Amino acid sequence: MIYPIFLDSFTEDETRDYLTAQGITEPKRIATLLRSSRGLPYSLSLLTSNTQGEVDVTKDVVDNFLRGIPEHEEMKRQLALEAALLTKPFNQDDLKAFAYLTENERPMLYRWLSEQPFVRSNPQDGRHSYHDLARETFTRHLYQISPAQYQSTRKALANHYQFLLEKIQIEAGKEIHRLPEWLELVVALAHQLFLLSDEENHIRAIEQILEAYKRTSKEQD
């Protein structure tokens, strides 16, 4: 039987109470589990299920997050992992960054992804974002599996944000710098560029940040 577990984190006191109930009272181990789980019930359950504490935090947490996705559904598993690399809240259009998805597949996969337990929805704008622990764990896992593929996905996302930035610049004209969407895209693009491995893209990222700093108001800062 499968039961839903909310992804809201326990407070530090709640985490200690949970660990005490599991028979874990040694201060050093409690500190390690607090740091590894960040108080997330999902991770605490995993980390305390092994009485020896011998858990590969990255792989085992990823496996548990993806447990509900059959292994033969490779596209869904790949999308669930790689969408964690998005650096701003996403909607269906952002799935265009993943070239292996066809136009017909995107709506269905977007609905599927938005319903995953590690994805949060913003009721104000309808966009989605990953829970912090899922995003960080998936990102680390992707890099460990294949640094080259990780960089390739980052580059595709940078190109996607660059395209959206150029599109909004054409549509908004001189008023573009007053739009929250513009600043969000500039920061998202810079974030992707900084995470690429070459100096040229790092310089582009610095240029993006300086351009944003020069053109934003005190309120936007």
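The values are calculated or read from the model by the stated rules, or taken from the named source; none is laboratory data. All figures in this text were calculated on a predicted structure; none of them were measured in a lab. Counting neighbours? That spans all protein chains shown, and the Cβs are built from the backbone with ideal geometry, glycine included. Keep in mind that these areas ignore ligands, DNA and RNA; they rest on the heavy atoms of the full protein, side chains included. Shrake-Rupley method; radii C 1.70, N 1.55, O 1.52, S 1.80 Å.
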Fill in the blank from the handout: Per the filter on the range 159-180, residues of a type outside the set (S, T, N, Q), out of contact with any Lys or Arg (no Cβ under 9 Å at 6 or more places or on another chain) and within 25 Å of residue 101 (Cα to Cα) are 164, 165, 166, 167, 168
Fill in the blank from the handout: Within the range 152-165, restricting to residues that are without any contact (Cβ under 8 Å) to a residue 60 or more places away in the chain and open to solvent by 80 Å² or more (accessible area, probe 1.4 Å), the one that is nearest to residue 85 (Cα to Cα) is 155
Problem - One residue from 149, 124 being closer than 30 Å to residue 66 by Cα, surrounded by fewer than 18 Cβ atoms within 10 Å (Cβ to Cβ), polar (S, T, N, Q) and at pLDDT below 90 - result: 124
Practice task
Could you check how many residues of the range 166-221 are among the hydrophobic types (A, V, I, L, M, F, W, C), within 20 Å of residue 83 (Cβ to Cβ) and open to solvent by less than 70 Å² (accessible area, probe 1.4 Å)?
Solution key: 7
Handout entry: Residue among 82, 103 that is at negative phi, of a type outside the set (A, V, I, L, M, F, W, C) and part of a loop (DSSP other than H, G, I, E, B)
Key = 103
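Residue-by-condition table, conditions (1) more than 30 Å from residue 37 (Cβ to Cβ); (2) assigned to a helix (DSSP H, G or I):
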residue	(1), (2)
141	no, yes
174	yes, yes
185	yes, yes
190	yes, yes
197	yes, no
210	yes, yes
214	yes, yes
Practice task
Evaluate the range 177-186: report whether one residue or more is farther than 30 Å from residue 149 by Cα and within 22 Å of the chain's Cα centre (by Cα).
Solution key: yes
Exercise for the section: Tally the residues that are in contact (Cβ under 8 Å) with a residue 60 or more places away in the chain and either open to solvent by 70 Å² or more (accessible area, probe 1.4 Å) or more than 24 Å from residue 44 (Cα to Cα) (or both), restricting the search to the range 94-121. Expected result: 5
Problem - Any hit, the range 2-15, residues being farther than 21 Å from residue 145 by Cβ, open to solvent by 40 Å² or more (accessible area, probe 1.4 Å), modelled with pLDDT under 75 and of a type in the set (A, V, I, L, M, F, W, C) - result: yes
Exercise for the section: Being at pLDDT 75 or above, of a type in the set (D, E, K, R) and in a helix (DSSP H, G or I) is the filter; apply it to the range 34-67 and report the residue that is nearest to residue 18 (Cα to Cα). Expected result: 35
